[in-house]
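Take a look at the structure set out below.
The values are calculated or read from the model by the stated rules, or taken from the named source; none is laboratory data. Please read these numbers as outputs of a predicted model, since none were measured by experiment. Cβ placement follows ideal geometry from the backbone for every residue including glycine, while neighbour counts extend to all protein chains displayed. Keep in mind that these areas ignore ligands, DNA and RNA; they rest on the heavy atoms of the full protein, side chains included. Shrake-Rupley method; radii C 1.70, N 1.55, O 1.52, S 1.80 Å.
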Amino acid sequence: MVLARLLPEVEGGRFPAKREAGETVEIEAHAFTDGHDLLAVRLHHRRAGGGSWQTTPMDPLGNDRYGAAFLVERLGEYEYTADARLDRYRTWAAGLAKKADAGQDVRVDLLVGAALLEEAAARAGGRPAALLAGWAAQLGGEAGVEERVALAARADVAEAMDAAFDPADLVEYGRVLPLAVDRPRARFSTWYEMFPRSASPAPGRPGTLRDCAARLPYVAGMGFDVLYLPPIHPIGRTHRKGRNNAVRAAADDPGSPWAIGGAEGGHKAVHPALGTLDDFAYLVREAAAHGMEVALDVAFQCSPDHPYVRDHPEWFRRRPDGSVQYAENPPKKYEDIYPFDFESPAWRALWDELLSIFTFWIGHGVRAFRVDNPHTKPFAFWEWLIAEVRRDHPDVIFLSEAFTRPKVMYRLAQLGFTQSYTYFAWRNHGREIREYFEELSRPPVSDFFRPNLWPNTPDILTEQLQTGGRGAFMARLVLAATLGASYGIYGPAFELGLHRPRSAGSEEYVDSEKYEVRHWDLEAPGSLAAFIARVNRARRQNPALQADRGLVFHPCDNERLLCYSKATAGAANVVITAVNLDPRRRQAGWVALDLEALGLEADETFQVHDVLTDARYPWRGPRNYVELDPEVVPAHVFVVRRQTPDGLFA
């Protein structure tokens, strides 16, 4: 007998699969044997760290697959394993029933069953042994054949045999697999990034954390639940970058927030121009009152003026001329940033200090962090740090900002990052979107990697947004919000349609607020704020859009149209999204729906309700027509409504 696989299993159990509190975790085992004996497969699960195992029989799913599920209600770590055995009694009972139904003589077969019961009675003790021995006597006794066949089919007899199985028939999986359980926002979240220094309502005055708090109704009104702030710390002056990333800064240039540290303090300080720790606490409280939380950027790098550079020179790598090695990404140079040397002889003290940065801000109410460039730091560091944080704070969310090779992105997720940026911003054509998201939304990747989709960031202004106009912004927003359960935008640049690059071929914004203070007219004509609010309302009202699993693409005869759906278990909630990928022209085509994936019958009439425009259309069968004009709305977000017995759609 072979117990071959247990799913989900990430890297042979080296890393945990990921789920969320309140979720029913489905486990699948692959087990088989030579011959035709039936198998009994069991799932064992518990909270990690000890305690008794809970055991659940696994049901046959066909093709030597077995399934069971268990509910996880608490944050933290769980574990599970399985075993399988030959089910000699049920194999015998099934054969006996077939022979009896065919009218064959089964008297000898009944004696075989009686012997199985006698052997089990010898292994059992107390009352179970007496019951088994009694049933053995009845099977081998003088009662009528029909009566004895009926006894063999009884569930209580089979269950007693389960409890007294022969240990020699048992095969254990041999590994205990880990499971990390996060809070629901790890699966479903909507992020809004803004620079506090640009939050002032008055032109000419830099913004503060109190100004951020005053803007919360605007952000919450669009339906966001995470307010993400770039670094809020003091900014160095040495080699400070000027406007548009100029090498030399003017006297009044504020510098890049990622050049962290100055005379006023480092990673545990608030820039004096933004306010104080009390102001930050006020922002956190106000965000909670609006159903939001504040996420902070953690960038493990220092300006030359950071107190760490003065007090701990051993934490930085020096070049042969004695100068500290600044950050480089040739041909780019970041003279205003010193990276840490994670492998210096003083690495232990450095790692402990960096951990204390997280715990400091956790102590000030932060439970979500966007981590800058984690792929440039050692894997071992992140595995250690995240485990240390999760041990005491299992509700903390780590968002990995690693635009790097796929295997590196996946390894960071396996090491513990809760969510991850993706290549979504650069996936523009239907085929590449479909292939990419089929990879992300299915095992094995979906077992450990939670995508967070961003159509723009302060560093990323794609060609599509530069040239596609309003239709491109709307289409990319709908794609991000419906392909992924978590997404974010960099605003107000996004809703106001900021699209001018610093230079041709660049993805940098001209006059980027990474290097200067901007003033935003939130009431400007053409703002997408109301449209964003409609999209986010659809996400909140439809559970199908709150998970990455369940994504199905539906073919269309026009490659400029992309159609896909998401559905909850049992198709209780089904959402079909159609997007025009051409930001300049109206596109139309016929979609071939996978009705089985939608929980619909072949001849069933159903209604699709577009929650973006409130339009409703009757559809029937797999082939249906879609037409989208990017000058109006370049997408449909259809909620499927089935017909009730009285002819209405609900």
Among (1) more than 25 Å from residue 366 (Cα to Cα); (2) in contact (Cβ under 8 Å) with a residue 60 or more places away in the chain; (3) surrounded by fewer than 19 Cβ atoms within 10 Å (Cβ to Cβ), residue 423 falls short only on (2)
Filter region 114-130 for residues that are open to solvent by 60 Å² or more (accessible area, probe 1.4 Å) and in contact (Cβ under 8 Å) with a residue 12 or more places away in the chain; the one that is farthest from residue 33 (Cα to Cα) is 128
The residue that is nearest to residue 379 (Cα to Cα), considering only those in region 19-45 that are in contact with a helix residue (DSSP H, G or I) (Cβ under 7 Å, 6 or more places away or on another chain) and either open to solvent by 10 Å² or more (accessible area, probe 1.4 Å) or outside any strand (DSSP E or B) (or both), is 21
Reported set for region 376-402 where residues are surrounded by 18 or more Cβ atoms within 10 Å (Cβ to Cβ) and either under 21 Å from residue 9 (Cα atoms) or of a type outside the set (A, V, I, L, M) (or both) is 377, 381, 382, 386, 390, 398, 400, 401
Over region 561-589, the set of residues outside any helix (DSSP H, G or I) and surrounded by fewer than 17 Cβ atoms within 10 Å (Cβ to Cβ) is 572, 584, 585, 586, 588
The condition of being in a helix (DSSP H, G or I) and surrounded by fewer than 21 Cβ atoms within 10 Å (Cβ to Cβ) holds, among 237, 210, 248, only for 210
Output for Cβ contacts, cut-off 7 Å, separation at least six or different chains, first residue free of Cβ contacts under 8 Å to residues at least 60 places away in the same chain in region 1-22, second surrounded by fewer than 22 Cβ atoms within 10 Å (Cβ to Cβ) and in a strand (DSSP E or B), reads 4/30; 5/30
So, first residue free of Cβ contacts under 8 Å to residues at least 40 places away in the same chain in region 98-113, second residue surrounded by 11 or more Cβ atoms within 10 Å (Cβ to Cβ), Cβ within less than 6 Å, six or more apart or across chains; the pairs are 99/106; 109/96; 111/140; 113/92; 113/139; 113/152
ask   = Hey, any hits in region 264-285 for a residue that's over 23 Å from residue 378 (Cα atoms) and in contact with a Cys (Cβ under 7 Å, 6 or more places away or on another chain)?
value = yes
The lone condition residue 335 fails out of (1) under 19 Å from residue 236 (Cα atoms); (2) touching a residue at least 60 places away in the same chain (Cβ under 8 Å); (3) open to solvent by less than 30 Å² (accessible area, probe 1.4 Å); (4) not polar (S, T, N, Q) is (3)
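Suppose we keep only residues that are touching a residue at least 12 places away in the same chain (Cβ under 8 Å) and not hydrophobic (A, V, I, L, M, F, W, C) within region 375-391. Which one would you say is nearest to residue 22 (Cα to Cα)? Can you show your working first?
Filtering region 375-391 down to residues touching a residue at least 12 places away in the same chain (Cβ under 8 Å) leaves 375-379, 381-390.
Next, from what is left, pick out any that are not hydrophobic (A, V, I, L, M, F, W, C): 375-378, 383, 388, 390.
On the way: 375: 31, 376: 35, 377: 33, 378: 33, 383: 26, 388: 24, 390: 18 Å.
Here the residue is 390.
Going through 341, 372 one at a time, which residue ends up being acidic (Asp, Glu), touching a residue at least 24 places away in the same chain (Cβ under 8 Å) and surrounded by 18 or more Cβ atoms within 10 Å (Cβ to Cβ)? Break it down into steps so the answer makes sense when it comes.
Details: 341 fails: surrounded by 18 or more Cβ atoms within 10 Å (Cβ to Cβ).
The conditions single out 372.
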Conditions (1) open to solvent by 20 Å² or more (accessible area, probe 1.4 Å); (2) closer than 30 Å to residue 334 by Cβ; (3) in a loop (DSSP other than H, G, I, E, B) -> residue 174 fails only (2)
Of (1) surrounded by fewer than 21 Cβ atoms within 10 Å (Cβ to Cβ); (2) assigned to a loop (DSSP other than H, G, I, E, B); (3) touching a residue at least 40 places away in the same chain (Cβ under 8 Å), residue 548 fails just (1)
